[in-house]
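One structure is given below, encoded as structure tokens.
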Amino acid sequence: MNAGKGQGVDHEEFFISVDVETGGATPADYALLSIGACLVDDPETTFYVELQPEDKRVTVEALEVSKLSVDILKTMGEPPESAMKRFADWVAEVVPTGGRAVFVGFNAAFDWMFVADYFERYVGRNPFGYTALDIKAFAMGRLGCTWAETSMRVLGPKYLSGRPLAHHALSDAQDQAALFRALYAEPAHRREDDPS
């Protein structure tokens, strides 16, 4: 599904599914705890890291979802600077010179803001740039459905055999890749008032 060079496009695009687990809602206040990523077209080409948490707040609810332990991550996690450097190196390795890495996420705004914040602070640049492709928004356009109909509760049974997301960053990134491939294969929805 890697997009070739289209009209007015000078870079081949490589879709990378990314998921994160965090200590809470925003990178200013909460730590990034883990990152999982895979190529959408080759979900066995993966990246995963658990990070030493920064000295920020962590909610009990977030830890219950991810099953990660702050105490274990403090000793076993990778320092954020080396973790983000390795992630940037992995992106450079899987995206050929001249290609463009496209960040793909399920509710991408959440995952992208953590990844972008950590890349800027620890690497000085974000290899994904300033944009992200949101699977939920893509589903709305592709299927002609409402935002509520893009929940995993609705899409999971149709496209992922009903399995819930595991809330493990790598497993979820791979499931997101499968969901995006399935949605991409769907015929584009046409509005009834569309003359084409």
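The values are calculated or read from the model by the stated rules, or taken from the named source; none is laboratory data. Because the structure is predicted, anything quoted here is derived from the model rather than measured. Counting neighbours? That spans all protein chains shown, and the Cβs are built from the backbone with ideal geometry, glycine included. What goes into the accessible areas is simple: the full protein's heavy atoms, side chains included, and nothing from ligands, DNA or RNA. Shrake-Rupley method; radii C 1.70, N 1.55, O 1.52, S 1.80 Å.
Check whether at least one residue in the stretch 115-125 is more than 20 Å from Met84 (Cβ to Cβ), of a type in the set (Asp, Glu) and open to solvent by 60 Å² or more (accessible area, probe 1.4 Å), and report yes or no. No, the stretch 115-125 has no match at all. Residues in the stretch 113-128 that are in contact (Cβ under 8 Å) with a residue 24 or more places away in the chain and in contact with a strand residue (DSSP E or B) (Cβ under 9 Å, 6 or more places away or on another chain): Phe114, Val115, Asp117, Tyr118, Pro127, Phe128. At pLDDT 95 or above and β-branched (Val, Ile, Thr), is that true of Val60? Here the answer is no, as Val60 does not meet what is asked.
Can we say Asp172 is modelled with pLDDT of 95 or more, of a type outside the set (A, V, I, L, M, F, W, C), closer than 21 Å to Thr46 by Cα and touching a strand residue (DSSP E or B) at 6+ places or on another chain (Cβ under 6 Å)? In short, yes. Within the stretch 45-63, being assigned to a loop (DSSP other than H, G, I, E, B), among the β-branched types (Val, Ile, Thr) and surrounded by fewer than 17 Cβ atoms within 10 Å (Cβ to Cβ) holds for Thr45, Thr59. Give the residues of the stretch 78-102 that are free of Cβ contacts under 8 Å to residues at least 40 places away in the same chain and either touching a Leu at 6+ places or on another chain (Cβ under 9 Å) or in a helix (DSSP H, G or I) (or both), sorted by residue number. Answer for the stretch 78-102, where residues must be free of Cβ contacts under 8 Å to residues at least 40 places away in the same chain and either touching a Leu at 6+ places or on another chain (Cβ under 9 Å) or in a helix (DSSP H, G or I) (or both): Glu78, Pro79, Ser82, Met84, Lys85, Arg86, Ala88, Asp89, Ala92, Glu93.
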